[in-house]
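The values are calculated or read from the model by the stated rules, or taken from the named source; none is laboratory data. Keep in mind the model is a prediction, meaning the values are calculated, not measured. Neighbour counts run over all protein chains shown; Cβ positions are idealised from the backbone, glycine included.
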């Protein structure tokens with residue numbers, strides 16, 4: 001899978017699944033933190049995003065501390081998806 | 001005035017009956033087992049605390065079980081037990097009924113919703129859907145045990161049962177009830193089971209409240225009801241001693257997050273302090289806290305912080321326990337079951353344990369009881385917290401230990417604003433008489449609604465359409481009253497009571513269909529909290545910063561009237577200074593073609609939708625703020641049945657008065673008092689369209705007509721099958737002012 005393509009699809013998914021109304025996928029910074037300060041997402045968003053990623057990409061996000069680093073940014077999440085797909 | 005608890009009824013996963021439930025709680029029994037009610041592929045856990053061997057057929061009239069629910073059955077059994085213990089019967093004197101809950105007949109109807117929705121054209125009225133509305137539980141208790149006089153269905157998610165008891169206390173203090181049976185009931189269903197699973201809130205093993213390794217809650221089910229009476233009424237019928245007294249209560253909203261509690265427990269502590277203040281007790285008077293204690297990581301640390309904040313050094317002494325380690329989280333029933341357990345804890349002098357608690361989390365440093373503990377329990381505080389941050393605390397005390405609480409003087413209620421969003425757009429306090437003017441009927445179906453025209457959609461992204469419609473209506477009502485709920489100079493927290501006749505029907509349908517079509521693991525965590533009936537008002541509270549009492553009511557086609565009357569009841573006795581009240585109804589093929597015809601009856605006219613918010617305030621509070629009200633609310637009433645004689649107490653109309661209704665017709669069995677018989681009747685339905693919330697538009701129209709000097713009074717009458725409400729709105733004018741009669 002092409003990481004750039006995954007990042008784009010991921011950002012489209014975030015806008016629709018997290019109801020980021022008024023935001024375009026291009027508004028989301030690939031390197032910015034998803035939670036807290038960056039996009040201002042919270043734990044409920046993390047659950048929704050994990051569910052949507054599994055639905056869309058067939059990749060499970062592990063729970064607990066591993067999830068924290070995977071959800072660090074769009075880049076980190078896309079990397080996880082790409083490497084999980086490659087390993088599959 | 002003392003409020004006596006004279007009867008308790010409980011159906012719990014530990015047994016049928018209050019006594020057996022308490023025996024087994026004290027014995028440390030845990031009711032968790034493999035779920036037998038339903039099975040969905042790929043469920044991560046099958047653990048639950050079920051009420052075994054219970055079916056709707058046990059209490060339903062012969063041959064009608066398909067239209068009754070397990071929640072009905074638990075409620076009927078618990079109400080019967082409570083009434084029997086109290087020695088009262090509905091046939092011997094008027095008894096009022098309040099039922100808290102979240103799911104009603106969801107278990108019986110969730111599959112039907114998913115099935116029916118596959119082809120919108122094939123949706124048809126099905127009698128089995130009678131149990132879907134939240135109000136169906138109260139209706140069926142009334143049918144099986146009644147006749148009850150005043151009946152309400154309330155929902156504030158997991159504090160519903162506690163708020164039912166709080167409303168009962170308000171009625172008794174107001175002197176309008178001499179006997180109330182109030183509590184909560186919730187049956188297990190696929191929707192809540194998969195929903196809490198989606199939120200990762202469920203421990204696959206028996207839960208561990210306040211434990212360091214706690215990993216979430218277990219779901220349970222059950223019902224509990226208490227009989228509450230003013231001491232004088234109870235003595236008058238020969239009772240000499242109650243089981244306990246209900247001495248204090250507090251309610252408030254966090255206005256923080258739809259699923260996550262405030263970390264520091266600020267609102268929970270405020271509500272607990274309010275309950276103590278109401279009881280005129282200090283932390284030193286309380287011997288036990290029956291905690292909400294769900295065993296979710298966030299709840300338990302928040303609650304521990306709140307208990308420490310409220311109790312200060314006394315937190316080292318006050319015994320704390322949670323029954324959820326034994327019967328799970330029974331959602332809308334939890335507040336009522338825990339109230340019943342609190343009363344029995346006082347009566348038996350023995351505090352139940354927190355089962356599952358082995359190593360206390362350092363973030364939860366409290367005097368936990370991990371085994372049943374004998375103690376002289378003078379007073380117990382019972383905490384309940386719900387989705388949307390709806391917090392309620394109740395305080396029960398041993399009979400005659402503390403001074404009798406004083407009864408505040410009954411206060412006058414005024415209306416300071418009103419707003420609607422409907423076919424004519426967003427209309428404010430002085431504009432809603434547009435719904436009384438001749439004009440075209442609305443287009444059928446959804447109204448035009450662009451959320452971004454009214455709300456900051458970035459901040460409102462979690463709000464579904466019902467939440468957004470509610471927030472817009474309340475926001476406009478507040479704006480027209482120049483009232484900013486975040487402004488501390490108001491001197492009171494603004495609350496809201498707002499419901500929907502059928503709840504989030506389309507949302508629940510979509511949630512269930514997704515589970516069936518994609519699998520349990522794709523249940524949407526973000527959508528689930530929006531399916532609880534109090535979600536729209538909870539979201540509005542968070543968006544607008546409403547921190548007073550926040551809950552939903554449901555009463556079919558008179559939900560808006562029910563909300564306003566309930567708000568007036570609360571303000572009159574000092575349980576709130578400013579409350580927005582109304583309803584939100586959404587256009588939906590499932591409502592139009594199935595729930596509407598089955599529950600509300602066939603409707604004439606064009607089906608539409610909309611939300612209303614009527615802003616009520618204590619007259620003294622409005623005066624102190626220098627606000628001139630739109631109208632006074634000197635009289636209101638409600639009834640069950642045909643309503644014969646229900647309006648006999650209505651004050652006489654002034655010269656320029658009208659009777660206003662949502663729907664086009666007046667209730668067939670209702671006899672207008674002679675003085676009102678010749679007063680013109682007008683309806684808003686031709687312009688607002690037909691929907692279960694049309695009564696809110698009638699109230700808003702009445703207020704605008706009064707505010708603009710076109711009317712001096714309006715009697716707003718709302719009716720639905722077997723129920724109705726009426727309220728009188730009068731002009732605030734001195735006799736020599738223009739526009740007065």
Let me confirm something: among B:5, B:76, B:11, which residue is out of contact with any strand residue (DSSP E or B) (no Cβ under 6 Å at 6 or more places or on another chain) and either modelled with pLDDT of 95 or more or in a loop (DSSP other than H, G, I, E, B) (or both)? B:76
Consider residue B:561 carefully, then state whether it is part of a helix (DSSP H, G or I), under 17 Å from residue B:414 (Cα atoms) and not assigned by TED's automatic domain parsing to the domain that holds residue B:67. yes
Given the criteria within 28 Å of residue B:460 (Cβ to Cβ), away from every other protein chain (no Cβ under 14 Å) and touching a helix residue (DSSP H, G or I) at 6+ places or on another chain (Cβ under 6 Å), does residue A:25 qualify? yes
Just to be sure, is residue B:290 assigned by TED's automatic domain parsing to the domain that holds residue B:364, in contact with a helix residue (DSSP H, G or I) (Cβ under 8 Å, 6 or more places away or on another chain) and more than 30 Å from residue A:40 (Cβ to Cβ)? yes
Which one of B:457, B:407, B:414 is in contact with a helix residue (DSSP H, G or I) (Cβ under 7 Å, 6 or more places away or on another chain) and within 14 Å of chain A (Cβ to nearest Cβ)? B:457
Would you tally the residues in segment B:594-603 being touching a helix residue (DSSP H, G or I) at 6+ places or on another chain (Cβ under 8 Å) and either in a helix (DSSP H, G or I) or modelled with pLDDT of 95 or more (or both)? 4
I need the helices (runs of 4 or more DSSP H) fully contained in segment B:247-348, keeping only those with at least 1 residues that are under 26 Å from residue B:492 (Cβ atoms). B:266-279, B:297-311, B:334-348
Looking at segment B:194-208, can you tell me whether even one residue there is under 30 Å from residue B:641 (Cβ atoms) and not in a helix (DSSP H, G or I)? no
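Okay, residues lined up against (1) in contact with a strand residue (DSSP E or B) (Cβ under 8 Å, 6 or more places away or on another chain); (2) closer than 26 Å to residue B:193 by Cβ:
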position	(1), (2)
B:290	yes, yes
B:294	yes, yes
B:300	no, yes
B:314	no, no
B:362	no, no
Residue B:493, sole failed condition from (1) within 14 Å of chain A (Cβ to nearest Cβ); (2) touching a residue at least 60 places away in the same chain (Cβ under 8 Å): (1)
Tally up the residues in segment B:569-585 that are assigned to a loop (DSSP other than H, G, I, E, B) and touching a strand residue (DSSP E or B) at 6+ places or on another chain (Cβ under 9 Å), please. 4
Single residue of A:78, A:72, A:31 found to be in a loop (DSSP other than H, G, I, E, B), crowded, with 16+ Cβ neighbours inside 10 Å and away from chain B (no Cβ under 14 Å): A:72
Segment B:255-283, residues that are touching a helix residue (DSSP H, G or I) at 6+ places or on another chain (Cβ under 6 Å) and more than 14 Å from chain A (Cβ to nearest Cβ): B:255, B:264, B:265, B:268, B:269, B:272, B:273, B:283
Being in contact (Cβ under 8 Å) with a residue 60 or more places away in the chain and either within 14 Å of chain B (Cβ to nearest Cβ) or part of a helix (DSSP H, G or I) (or both): is that true of residue A:6 here? yes
Just one of the numbered conditions (1) away from every other protein chain (no Cβ under 14 Å); (2) under 28 Å from the mean Cα position of the chain (by Cα) is not true of residue B:464; which one? (1)
Within segment B:501-530, track down each residue that is more than 14 Å from chain A (Cβ to nearest Cβ) and closer than 14 Å to residue B:463 by Cβ. B:504
I want to confirm something. Restricting to segment A:49-69 and keeping residues that are over 21 Å from residue A:19 (Cα atoms) and in a helix (DSSP H, G or I), which single residue is farthest from the other protein chains (Cβ to nearest Cβ)? A:69
Residue B:344 being farther than 25 Å from residue B:269 by Cβ, touching a helix residue (DSSP H, G or I) at 6+ places or on another chain (Cβ under 7 Å) and in the same structural domain as residue B:26 (by TED's automatic domain parsing): yes
Please work out which residue is surrounded by the most Cβ atoms within 10 Å (Cβ to Cβ), limiting yourself to segment B:85-115 and to residues that are touching a strand residue (DSSP E or B) at 6+ places or on another chain (Cβ under 7 Å) and in a helix (DSSP H, G or I). B:86
Yes/no for residue B:246 being surrounded by 20 or more Cβ atoms within 10 Å (Cβ to Cβ), touching a strand residue (DSSP E or B) at 6+ places or on another chain (Cβ under 9 Å) and over 30 Å from residue B:104 (Cβ atoms): no
Looking at B:48, B:60, which is the one that is within 30 Å of residue B:215 (Cβ to Cβ) and not in a helix (DSSP H, G or I)? B:48
